[in-house]
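Data first, discussion second: the structure below is written as structure tokens.
The values are calculated or read from the model by the stated rules, or taken from the named source; none is laboratory data. What you see is a predicted model; the values in this text were computed from it and never measured. Because the Cβ atoms are built from the backbone with ideal geometry, glycine has one as well, and the counts that use them run over all protein chains shown. For the accessible areas, the whole protein counts, side chains as well, though only heavy atoms, and no ligand, DNA or RNA atoms are used. Shrake-Rupley method; radii C 1.70, N 1.55, O 1.52, S 1.80 Å.
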Amino acid sequence: MRHLLQRVLQQDRTFYWKRLSNLRACTQGVRLRTCTTIYSSKVDQCCYPVTVSQHCLNYREFHSTSKCLPSSLHSSKSTNSSIARLRPYCTNVTTRHEDGELLRDTLDNISVLEAVSYWTAEFETAGVPEPDASAEYIAAHVLGYKSFSLISPLVQNLTAEERTRMSELCQKRMKRMPIQYILGEWDFRDLNLIMRPPVFIPRPETEELVEHLWMYIQEDLTRQEDELAILEVGCGSGAISLSLLQEFPQAHCTAVDMTKEAVELTQHNAERLGLSGRLDVKQMQFNTSADFETKFDVIVSNPPYIWTQDMETLEREVAGYENYCALHGGTDGMGVIRDIIHTGHRLLKPGGSIWLEVDPRHPDMIQTYLHNHLQYQLHLTGVYQDFNNRPRFCCLELRE
Ligand SMILES: C[S@@+](CC[C@H](N)C(=O)[O-])C[C@H]1O[C@@H](n2cnc3c(N)ncnc32)[C@H](O)[C@@H]1O
């Protein structure tokens, strides 16, 4: 009975968490990345999730403060970007210098909407992905808002400093810097994390990985009371470890990464969030000889898993800014995955599990690999799909 109740509560929580994300994105400005994101994988990168509802909200906000728009723009059913629709009305931004410095130098009176419209057009012309979302994120950031939908009123003029700042940040976007690096922060589940190149930017799929692992731990009542020892391989900004530490007060995480930048950023994020007391961060190249003083209940990893052949297809945002070693997983993307599986038997406590985010081709390959290496005593007991219905998350359990 207790178990059944637990399960119902869990389902409720997942539902609640996703709904909450949705609601927040529309009402409080927290970015939505669980339900309606357009970012999908490490190969088809594009991480500027802005929902249609946000656009509609922007539109309605703008409309309620503006007297000059024709009635055709009244419809709140519009699914187009508010900015794109308003562009014809932003008439005083018509020309620019070649270096794109028009906003800074010559326009004294430019509203938030006009600035966003201007930069959206610039991004579109330059082929920058997600042009309107990029401009909106930057405008919101410059004005000190969490999201564009919160800026009120949108017709307010930018100050000279705001114009300059917006121009500087938009120039970075023109060079295809990911928006997360430009803003210097990004939300992962309930956490706000500092982002710094070249440390890997956490993806929305990884939020799902943490949610699956959360449910798994919740189901095991014994683990809820006992200390929970977690190892994360390849911690990047610390997103997974810090989320788990926040969720589970009984957890202690060891987070390793081969790069100094990632280790420093994880430590920095942990201290900012007050979670460093239960976290050990180590710079090390995880391989088959990796050894630790303790054994773990859970090993979790979002390892580099892109196949060599797919590295060519990466967006400029990814290939140009994020660490190569955070992405490339070897010829078949399984390099670090195999090392984790190989060491699992030695590093896990009896009954422990490994949780991996992988390429959709990997679950079958992992199954075959385990079948050919029965000595590891690991069993693929769960494969879960991401929000695009692709098999993305694997649970491997150690069974004697
Ligand atoms: C895809 S990123 C994931 C980062 C973070 N966990 C996240 O989900 O946002 C992979 C990380 O693994 C690290 N890495 C790659 N190979 C590694 C290895 N053999 N040992 C330790 N870290 C490794 C990279 O530096 C990178 O930070």
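Data table
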{"item": "Accessible area, probe 1.4 Å, largest first, for residues Glu293, Glu162, Glu312, Glu211", "result": "Glu293, Glu312, Glu162, Glu211"}
{"item": "Accessible area of the stretch 162-239 belonging to carbon and sulfur atoms, whole % at 1.4 Å probe", "result": "48 percent"}
{"item": "Å² of accessible area per residue within the stretch 200-398, as computed with a 1.4 Å probe and no ligands counted", "result": "39 Å²"}
{"item": "Part-to-part distance (alpha-carbon centres) for the stretch 335-349 and the stretch 200-250, which is given in Å", "result": "18 Å"}
{"item": "Distance violations [Cα-Cα > 29 Å] among Lys172/Lys260; Lys146/Lys295; Lys175/Lys260", "result": "Lys146/Lys295"}
{"item": "Residue-level accessible surface for Val336, protein heavy atoms, 1.4 Å, Å²", "result": "40 Å²"}
{"item": "5 Å-binned pair-distance histogram of the stretch 144-300 (Cα, whole percent)", "result": "2, 8, 16, 18, 17, 13, 9, 7, 5, 3, 2, 1, 0"}
{"item": "Sum of side-chain charges, Met365 neighbourhood, beta-carbon under 12 Å (Lys, Arg +1; Asp, Glu -1)", "result": "-1"}
{"item": "Probe 1.4 Å, all protein chains present, accessible-area order of Asp132, Asp226, largest first", "result": "Asp226, Asp132"}
{"item": "Cα gyration tensor category, rounded, prolate or oblate, for the stretch 298-400 with a/c compared to 1.5", "result": "prolate"}
{"item": "Antiparallel bridges, percent of DSSP beta bridges restricted to the stretch 200-398 (to nearest 5)", "result": "35 percent"}
{"item": "Prolate/oblate/rounded call for the stretch 200-398, Cα gyration tensor, a/c under 1.5 rounded", "result": "rounded"}
{"item": "Gained length - Leu374 relative to Leu183, 0.36 nm times residue gap less alpha-carbon distance", "result": "64.1 nm"}
{"item": "Accessible heavy-atom area order of Met174, Met311, highest first, probe of 1.4 Å", "result": "Met174, Met311"}
{"item": "Protein accessible area in the stretch 314-356, 1.4 Å probe - carbon and sulfur %", "result": "56 percent"}
{"item": "Mean accessible surface per residue for the stretch 102-174, computed with a 1.4 Å probe while every protein chain stays in place, in Å²", "result": "35 Å²"}
{"item": "Backbone HN-Hα couplings from phi across the stretch 345-352 [Karplus 6.51/-1.76/1.60, Hz, Gly and Pro as x]", "result": "4, 7, 8, 8, 6, x, x, x"}
